[in-house]
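Structure first, commentary second.
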Amino acid sequence: MTISRRLALLWCFLLASLVTVAANSAQHKFLLFVGTYTDKESKGIYAYSFDSASSELTPLGVAAETINPSFLAIDPSRRFLYAVNEVQNYKGVSSGSVSAFSIDRSTGKLQLLNRIASRGADPCYIAFDKTGKYVLVANYTGGSVAVFPVWPTGQIGESSAFVQHAGSSVNHERQAGPHAHWIETTPDNRFAIAADLGLDELLVYRFSGAAGALTPNDPPYANLDPGAGPRHLAFHPEGKLAFVVNELQSTITTFSYDPNRGALHKLNTVSTLPKGFTSNNDAAEIEVHPNGKFLFASNRGNDSIAVFSIGNITGALTLVDHFSTQGKTPRNFTIDPTGKFLLVANQDSNSIVVFRIDRNSGKLTPTGQVFNVPSPVCLKFMPAE
């Protein structure tokens, strides 16, 4: 082989190595957006860059100034971000609003595209359907849910569906009326499930991905224990189990799910709290690890993350342990896309704390990284490239 031939092969090898390194590097680079409450020091939505290889979280500053962007959703194309503005009045109407933003992936900055009424007071949750063509919104104080189309330009259109919930439950202080707290479509996108804290019900709707419509399912709902206060729901990756965190009773209820009928069947309920804990507590967030082996739930009051292992066959939850969030009032947390880290938003201590997840046991170990952000409420990841 000639020297020039060897040099050419060496150059090709080096070039291929550089491309591989660049590709691997891009796979662990992410943007993290933080929704907040703006009644104190916060200005709106904040952005961070995150490197899952080193667990390094780097502040990028205010991504967009907007009022009470308490929950966020990112579209499947990663070009647009949507936030509910958790307020009771928008343009003189008793309604919150929903804001649409374009994302600058190089800087993390957001540009407002448009803002419309959510059709109910204090919207507290937003999520995409599986086609990415619609967002679904839960209005807490309004006690309603709505669906909105998303245009190719990223702007959000007027609602294609609206349902006003009605009724009450046994906790007269918190459940005198409906309080929709969460809504998402099922893994196959055929149904939408809404958790209503005020009714102690999971309301099930048939969802039309073509028209963005909601119609009552048969059966139309599944009951929780009286006074439970269902807040958020997480499906197991296999789609046959659903786990509901109940805010008022600090419990998790496991349901089996029939995807053919959209039916939920209650299996069992466990506490999110350590034995002997008797102080006030409100459970908040719930998430299943991508490997399907562990479930995590946050406690506001005990200020901990409860970790459970999930039974392979029955889906039964077995407590692993409780881990301090190293802050106050962990309203929300998220698992990074690689499944290596769990980040907690401590609302009342104005902090985000990073934990490493043991993928064999589910146990959490703090990395030592604590970041100041005012009144954090929601954490959402997306690839940076």
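The values are calculated or read from the model by the stated rules, or taken from the named source; none is laboratory data. Predicted model, so just to flag it, every value in this text is computed and none were measured. Reconstructed Cβ throughout: ideal geometry from the backbone, glycine too, with neighbour counts over all protein chains shown.
So the values come out like this:
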item	result
Hits in segment 351-370 - residues which are surrounded by fewer than 20 Cβ atoms within 10 Å (Cβ to Cβ) and polar (S, T, N, Q)	ASN360, SER361, THR365, THR367, GLN369
Strands (runs of 3 or more DSSP E) contained in segment 21-123 and holding at least 3 residues in contact (Cβ under 8 Å) with a residue 40 or more places away in the chain and among the aliphatic types (A, V, I, L, M)	29-36, 56-65, 69-74, 80-85, 97-103, 110-117
From LEU224, LEU214, residue being touching a strand residue (DSSP E or B) at 6+ places or on another chain (Cβ under 9 Å), in contact (Cβ under 8 Å) with a residue 24 or more places away in the chain and within 24 Å of ALA176 (Cα to Cα)	LEU224
Neighbours by Cβ (under 9 Å, 6+ apart or cross-chain): first from segment 254-270, at positive phi and part of a loop (DSSP other than H, G, I, E, B); second aromatic (Phe, Trp, Tyr) and modelled with pLDDT of 95 or more	GLY262/PHE191; GLY262/TYR205
Members of segment 81-97 that are under 16 Å from the mean Cα position of the chain (by Cα) and not charged (D, E, K, R)	LEU81, TYR82, ALA83, VAL84, ASN85
Check on PHE207, surrounded by 16 or more Cβ atoms within 10 Å (Cβ to Cβ), under 30 Å from GLN249 (Cβ atoms) and in contact with a strand residue (DSSP E or B) (Cβ under 6 Å, 6 or more places away or on another chain)	yes
Answer residue from segment 60-77, given it is under 21 Å from PRO383 (Cα atoms) and more than 16 Å from the chain's Cα centre (by Cα) and is surrounded by the most Cβ atoms within 10 Å (Cβ to Cβ) among those	ALA63
Positions within segment 151-165 being in contact with a strand residue (DSSP E or B) (Cβ under 6 Å, 6 or more places away or on another chain) and either part of a loop (DSSP other than H, G, I, E, B) or not aromatic (Phe, Trp, Tyr) (or both), in sequence order	GLY154, GLN155, ILE156, GLY157, SER159, SER160, ALA161, VAL163, GLN164, HIS165
Selection status of ASP196, within 27 Å of THR269 (Cβ to Cβ), within 19 Å of the chain's Cα centre (by Cα) and in contact (Cβ under 8 Å) with a residue 40 or more places away in the chain	yes
Residue within segment 80-96 that is under 20 Å from PRO337 (Cβ atoms), surrounded by 15 or more Cβ atoms within 10 Å (Cβ to Cβ) and not hydroxyl-bearing (Ser, Thr, Tyr) present	yes
Residue selected from segment 276-291 under the condition of a type outside the set (Asp, Glu) and part of a strand (DSSP E or B), by the criterion farthest from ASN372 (Cα to Cα)	VAL288
Conditions (1) among the small types (Gly, Ala, Ser); (2) surrounded by 23 or more Cβ atoms within 10 Å (Cβ to Cβ); (3) in contact with a Lys or Arg (Cβ under 9 Å, 6 or more places away or on another chain); number of the one not met by GLY262	(2)
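Every residue, every condition in (1) of a type in the set (D, E, K, R); (2) buried (at least 23 other Cβ atoms within 10 Å of the Cβ); (3) over 20 Å from GLN164 (Cβ atoms); (4) more than 20 Å from the chain's Cα centre (by Cα), yes or no:
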{"position": "LEU214", "(1), (2), (3), (4)": "no, yes, no, yes"}
{"position": "TYR221", "(1), (2), (3), (4)": "no, no, no, yes"}
{"position": "PRO226", "(1), (2), (3), (4)": "no, no, yes, yes"}
{"position": "PRO237", "(1), (2), (3), (4)": "no, no, yes, no"}
{"position": "VAL244", "(1), (2), (3), (4)": "no, yes, yes, no"}
